[in-house]
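For reference, the structure is listed below as structure tokens.
The values are calculated or read from the model by the stated rules, or taken from the named source; none is laboratory data. What you see is a predicted model; the values in this text were computed from it and never measured. Positions of Cβ are backbone-derived with ideal geometry, glycine not excepted, and every protein chain shown enters the neighbour counts. These accessible areas exclude ligands, DNA and RNA; they are computed on the full protein's heavy atoms, side chains included. Shrake-Rupley method; radii C 1.70, N 1.55, O 1.52, S 1.80 Å.
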Amino acid sequence: AEKCGACGPGFASPLDAMKGNFYSVQGGFHSYSCNVSVLKGPREEIVYVPCIYRNTGRNKPDFLATVDVNPNSPHYCQVIHRLPMPNLGDELHHSGWNVCSSCFGDATKKRNRLILPSLISSRIYVVDVGTDLRAPRLFKVVNPEDVFWKCNLGYPHTSHCLGSGEIMISTLGDPAGNGKGGFILLDGETFEIKGNWEKGDKTPPMGYDFWYQPRHNVLISTEWGIPKCLGYGFDPNDLKKGRYGRRLNVWDWTTHAYIQAIDVGEDAAPLEIRFLHNPDAAEGFVGCTISSAIHHFYKTERGDWAAEKVIQVPSKKVEGWLLPDMPGFITDILISLDDRFLYFSNWLHGDVRQYDISDTHKPKLVGQVFVGGSISKGGPVTVCRDEELQSQPDPFFIQVSLAISPKSPPGQRPDGTRLYVTTSLYSAWDRQFYPDLIKDGSVMLQLDVDTERGGLAVNRRFLVDFGKEPGGPCLAHEI
């Protein structure tokens, strides 16, 4: 790879990324993370963050924020550009690139478009970040009617680029808001909808995230819940009624057929799924939100797939909250590029965790930091019984008081020493569980990561306050 004179975007391999052999430094990587102390390549200078106004009471469109994260810049920790979307009520959520490292050998490919699916409106925005990476501009809008009519799908979530140059987007349901797992396929040049990726009559009852591993001829997708139920917030009455997901859904990568379902428990709501970065490894991890568990999935000797629970975050007995038992509510998860560490956050308890996964069957907690949450001392919630902590954590302060919680560790940068977190999960749930988030806006923080022995610490010199936006406080989500 070091001798490649005309390479495509990204890296030749995950290990090459760890060495700092940068062939493209434009932005970052969706769900890429790396864990190494020394980086030969340049440090990141900007990140892109979807910012949401839906459910805030402010009649404004969502926008894409460009944030300066270069500590030598006079604009460090500032939003230097805002790209508003042309419509209201989209709920921008996750993003992805038009091409990825699987196109590394193709010098004609450029990582110059950011794909922004809208979780609620079902629009898909294509953003030009190649002309001016510090001032992105709108390139194309895929209208929801095209998604509905051409794919019979809606509520798009995860966007992944494919080695073919195409773009694949998972969905939560059908156009009417019923649950249905499926995938939209976009042309990588025109960004027109080509149709559905999946083939055959069998489809999962729900959808959400996905990851694929061609060397093992597999794609595995997850399930959040029924879109028309999720749209109004979290209703405890929906539990035990089959309205939240419980399966990992296995697909044949070659034939695009749905071939297996792995049950991880009633109302588990498995969300983010990650294979190990070693392309030969037939295993990975998935985080289950409501059950607050991490499951290790793997290929069996028979050739099918199975899962085992390897981490359980205990619920806390509480008073002054929605329910008598408060789950951790695991949101995003990440795996370091050397496959040594797993990161995730408990959105309700308020902590970000780092686990050593050298033994994938027995993860070990090596780092934990509280940056807000619902169980801090002096708040409305009293913890009556806690299997993990001796006392409620102290309130978290960093320049301003943060009575909120980390959504996820959505972007650990390529040298593995910095982990960025944002505090908004989903506007309907933000409004319900953290009403001050709606009033004050969310924030972006940065954690320092010990990549040798394990350990997390807040960088108290870093804070991006989205409560100070010109259009009013907004909700910052995935980086």
For this session: Kindly indicate the residue of segment 295-321 that is in contact (Cβ under 8 Å) with a residue 12 or more places away in the chain and over 26 Å from the mean Cα position of the chain (by Cα) and also farthest from I375 (Cα to Cα) among those meeting that condition.
Result: D304
Problem set entry | Whichever residue in segment 365-387 is without any contact (Cβ under 8 Å) to a residue 40 or more places away in the chain and open to solvent by 80 Å² or more (accessible area, probe 1.4 Å) and, among such residues, is nearest to the chain's Cα centre (by Cα) | L365
Seminar exercise, completed: With the first residue restricted to segment 244-268 and required to be within 14 Å of P205 (Cβ to Cβ) and touching a residue at least 40 places away in the same chain (Cβ under 8 Å), and the second required to be in a strand (DSSP E or B) and of a type in the set (S, T, N, Q), Cβ contacts under 7 Å at 6 or more apart or on different chains are N249/S221; Y258/N249; A261/N249
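Just to check your reading of the model, which residue among S427, S442, S408 is within 19 Å of V49 (Cα to Cα), of a type in the set (S, T, N, Q), at pLDDT below 95 and open to solvent by less than 10 Å² (accessible area, probe 1.4 Å)? Before you say what the answer is, go through the steps one by one.
Details: S427 fails: at pLDDT below 95; S442 fails: at pLDDT below 95.
Just a single option satisfies the conditions, and that option is S408.
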For this session: Pull up segment 189-225, narrow it to residues that are within 23 Å of V99 (Cβ to Cβ) and of a type in the set (K, R), then point me to the one that is most open to solvent (accessible area, probe 1.4 Å).
Result: R215
For this session: Examine segment 169-188 for a residue that is modelled with pLDDT under 95 and either surrounded by 15 or more Cβ atoms within 10 Å (Cβ to Cβ) or touching a His at 6+ places or on another chain (Cβ under 8 Å) (or both), and state whether such a residue exists.
Result: yes
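Does E198 satisfy being free of Cβ contacts under 8 Å to residues at least 12 places away in the same chain and either touching a helix residue (DSSP H, G or I) at 6+ places or on another chain (Cβ under 6 Å) or charged (D, E, K, R) (or both)?
On the way: free of Cβ contacts under 8 Å to residues at least 12 places away in the same chain: no; either touching a helix residue (DSSP H, G or I) at 6+ places or on another chain (Cβ under 6 Å) or charged (D, E, K, R) (or both): yes.
When the stated conditions are applied, E198 does not pass them.
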Seminar exercise, completed: Note: among L114, L88, just one is crowded, with 17+ Cβ neighbours inside 10 Å and either at negative phi or out of contact with any Gly (no Cβ under 6 Å at 6 or more places or on another chain) (or both), namely L114
For this session: Select from segment 147-184 the residues that are among the hydrophobic types (A, V, I, L, M, F, W, C) and within 20 Å of the chain's Cα centre (by Cα) and list them in ascending order.
Result: C161, L162, I167, M168, I169, L172, F183, I184
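Look at segment 424-456 and say how many of its residues are in a helix (DSSP H, G or I) and not hydrophobic (A, V, I, L, M, F, W, C).
Taking segment 424-456 first, the residues in a helix (DSSP H, G or I) are 427-433, 435-440.
Within this subset, residues satisfying the condition of being not hydrophobic (A, V, I, L, M, F, W, C) are 427, 430-432, 435-436, 439-440.
So the count comes out to 8.
Let me confirm something: among E283, E308, which residue is within 18 Å of I220 (Cβ to Cβ), at pLDDT 95 or above and surrounded by fewer than 16 Cβ atoms within 10 Å (Cβ to Cβ)? Show your work before the answer.
Details: E283 fails: surrounded by fewer than 16 Cβ atoms within 10 Å (Cβ to Cβ).
After applying the criteria, what remains is E308.
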Exercise. Considering only residues of segment 199-229 that are under 23 Å from G303 (Cα atoms) and in a helix (DSSP H, G or I), which is modelled with the highest pLDDT?
Worked result: H216
Problem set entry | Residues of segment 331-357 satisfying the condition of being out of contact with any strand residue (DSSP E or B) (no Cβ under 8 Å at 6 or more places or on another chain) and surrounded by fewer than 24 Cβ atoms within 10 Å (Cβ to Cβ) | D338, D339
Problem set entry | Conditions (1) open to solvent by 10 Å² or more (accessible area, probe 1.4 Å); (2) part of a loop (DSSP other than H, G, I, E, B); number of the one not met by A268 | (1)
Exercise. Got at least one residue in segment 233-240 being within 30 Å of W321 (Cα to Cα), without any contact (Cβ under 8 Å) to a residue 24 or more places away in the chain, not hydroxyl-bearing (S, T, Y) and not in a loop (DSSP other than H, G, I, E, B)?
Worked result: yes
